[in-house]
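Read through the structure below, which is laid out as structure tokens, and then see the notes.
The values are calculated or read from the model by the stated rules, or taken from the named source; none is laboratory data. Predicted model, so just to flag it, every value in this text is computed and none were measured. Virtual Cβ from ideal backbone geometry, glycine too; neighbours counted across all protein chains shown. Heavy atoms of the whole protein, side chains included, go into the accessibility calculation; ligands, DNA and RNA do not. Shrake-Rupley method; radii C 1.70, N 1.55, O 1.52, S 1.80 Å.
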Amino acid sequence: MTAKINPWQIVTDHFATLRDFQTGQRQASDIALFFGVPAVLAAVSVIFHSNLKADVVNGILTAASIFVGLLLSLLMLVLSFAQRKQEEVPSSA
């Protein structure tokens, strides 16, 4: 695989965030939350043959896209305030 497209770096960086930075040990609760809960939900969905109707999926996708848009707008607002604060601070030279 080329160096330009290397997903392993993303995976290893993600696993590196699943540890307590004070002790350096992995947190079982983080691993359970990020891997266990989705696996259990998927298994339950497969076992009980849950079929989502198109209207339900459409509603979930619409709500998620609106929520993501609002969160990205909030992120840009916070970043612009932080940048403005940095520009107001006089540099000590």
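Restricting the stretch 73-93 to residues that are open to solvent by 100 Å² or more (accessible area, probe 1.4 Å) and part of a helix (DSSP H, G or I), the residue that is modelled with the highest pLDDT is Met76.
On inspection, Asp30 passes the criterion of being in a helix (DSSP H, G or I), surrounded by 10 or more Cβ atoms within 10 Å (Cβ to Cβ) and acidic (Asp, Glu).
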